[in-house]
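Worksheet: the structure to be examined is printed underneath.
A short reminder: the numbers here are calculations on the coordinates, not readings from a lab. Model, not experiment: these values are computed from the prediction. With ideal geometry, Cβ positions are generated from the backbone for all residues, glycine too; neighbour counts draw on all protein chains shown.
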Amino acid sequence: MIILSPSLLAADFKHLEQEIRAVDQAGAQYIHLDVMDGDFVPNISFGMPVIQSLRSCTGRVFDVHMMVREPIRYISDMKQCGADIFTVHAEACAHLDYTLREIRRAGLKVGVALNPSTPAVMIREVLGLADMVLIMTVNPGFGGQEMIGYTLDKVREVRRICDQKGLSMDIQVDGGVTLQNVTRFLEAGANVIVTGSAVFGGDAAANTARFLKLFEEFEKK
Ligand code: DX5
Ligand code: ZN
């Protein structure tokens, strides 16, 4: 099943509740929450208090993308704030294996992310500990960038490695995904689609419906 995870980073921060309700009612299955620490990435977004207060707006899956150094420090806090998926960057964890095990132990779904320049082999050994691989299709830190073409090859490669290992992994892509290019990511093997500007940059409900319709048509093929 193909899942849409609209990124709140591109939403109107004055009206987060309405923005969430719009994509929820239009059928988006996840809400993507970008947490940035101003250190691992050169930007600061929002953290636990905001996520906790948004939890009551929706029953949709909270897909938390930690662009934070040593995110192991925040696993239990994020769990308490209502996170469902906790995705960490392989580049940001000194002990990636241990971090992924701790996320699982906390009862969260486990995601592992790769920056554009990080090769797929970086996570080969720990794939069995994860539910989802997030392949960054832009350099993390900011919304509204253009996707980097070579990341499509990495989507194919991660899908191939997972197939070889017999793992039915979710593969998420994040950054610069639009209605125009999303099919290329789906064809490469991605099944969880993050999109910020392409949803919240206009009528969020209508854009959500457009993505979901495209997914439905893709799945029928
Ligand atoms: C970038 C974030 C993304 C971002 C995507 O660092 O991880 O989730 O919000 O936004 P768009 O779709 O506008 O590239
Ligand atoms: Zn993200």
Can you compute 3J(HN,Hα) from phi for each residue in the range 33-42, using the Karplus curve 6.51 cos²θ - 1.76 cosθ + 1.60 with θ = phi - 60°, rounded to whole Hz and x for Gly and Pro? 10, 8, 9, 10, 9, x, 10, 5, 10, x
Could you work out the Rg to Rh ratio of the chain, with Rh taken as the Kirkwood radius (inverse of the mean 1/r over all Cα pairs)? 0.93
P(r) tail for the range 165-207, what percent of Cα pairs lie past 13 Å? 56 percent
How much length is gained on full extension from V50 to Y150, taking 0.36 nm per residue of separation minus their Cα-Cα distance? 32.6 nm
Scan around V112 for amide H atoms under 5 Å from its own, H built in the peptide plane at 1.01 Å from N, and keep only partners 5 or more places away or cross-chain. V88, M132, V133, L134
Quick one: which residues, 5+ away or cross-chain, put their amide H under 5 Å from the amide H of T195? H built at 1.01 Å from N. S5, S7
Going by average Cβ neighbours within 10 Å, how do the peptides 31-39, 154-162, 177-185 rank, with the highest at the top? 31-39, 154-162, 177-185
Between K165 and Q25, 0.36 nm times their residue separation minus their Cα-Cα distance comes to what? 46.7 nm
Round to the nearest 0.05 the FRET efficiency obtained for R124 and M1 when R0 = 22 Å and r is the Cβ-Cβ distance. 0.30
Give the distance, in whole Å, between the Cα centre of the range 200-221 and the Cα centre of the range 113-170. 23 Å
Apply the Karplus curve 6.51 cos²θ - 1.76 cosθ + 1.60, θ = phi - 60°, to the phi angles in the range 125-137 and return the couplings in whole Hz, x for Gly and Pro. 5, 9, 4, x, 9, 10, 9, 8, 10, 9, 9, 5, 9
Taking only Cα atoms and a 10 Å spring cutoff, compute GNM fluctuations for the chain and point out the largest among F62, F142, F46. F46
Tell me, what ³J(HN,Hα) does each residue in the range 151-168 have, in order and in whole Hz, if you take phi through Karplus 6.51 cos²θ - 1.76 cosθ + 1.60 with θ = phi - 60° and put x for Gly and Pro? 5, 4, 5, 5, 4, 4, 5, 5, 4, 5, 4, 5, 4, 4, 7, x, 9, 8
Expressed in angstrom and ordered largest first, the alpha-carbon extents of the range 113-173 along the principal axes are 35, 19, 17
What full-extension length gain, to one decimal in nm, is calculated for K221 and K14 as 0.36 nm per residue of separation minus the Cα-Cα distance? 70.5 nm
Given the rule -39500 (n - 2.57) for each run of at least 4 DSSP H residues, summed and divided by the residues of the chain, what is its mean residue ellipticity at 222 nm, to the nearest 500 deg cm²/dmol? -10000 deg cm²/dmol
